[in-house]
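Here is the structure we will look at.
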Amino acid sequence: MIVTVRDPNILSNLDPEKLTSYLQAQGWYQESQVGNKESVWIKTTDFGEEFDITLPLNPGIRSYALRMAEILSILEKVEVRSQLDILSDLITIIPNTEIQGIVIPILFG
């Protein structure tokens, strides 16, 4: 199942501190941090493949939702889990929002 989270309201309300804790729990390590702007996280898989995530630390920046979408995409590849599953681990309080999903089979012919 391939699900891409694109709702800017959901993405812009993801808490960078919650995501930091999530990355640590999943075995990512912080390579660097640029003040209060962003931090860079690295993970090497069991197959030797290296991934990096640049996590914005200020939800007020204009590209925050886009960057969160990129992070979900990377996590989806690394963890081999759907973005909805990952999002359910990250979700905090999102005002006036109800999360729903639809599964549609994709047939390759």
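The values are calculated or read from the model by the stated rules, or taken from the named source; none is laboratory data. If you're wondering where the values come from, they're calculated on a predicted model, not measured in any experiment. Just so you know, the surface numbers come from the protein's heavy atoms only, side chains and all, with ligands and any DNA or RNA stripped out. Shrake-Rupley method; radii C 1.70, N 1.55, O 1.52, S 1.80 Å.
Normalised per residue, the accessible area of segment 1-53 is 66 Å², obtained with a 1.4 Å probe and no contribution from ligands, DNA or RNA. Straightening the chain between Gln30 and Val80 buys 15.9 nm, computed as 0.36 nm per residue apart minus the Cα-Cα spacing. Sorting Glu70, Glu76, Glu31 by solvent-accessible area of protein heavy atoms yields Glu31, Glu70, Glu76, largest first, with a 1.4 Å probe.
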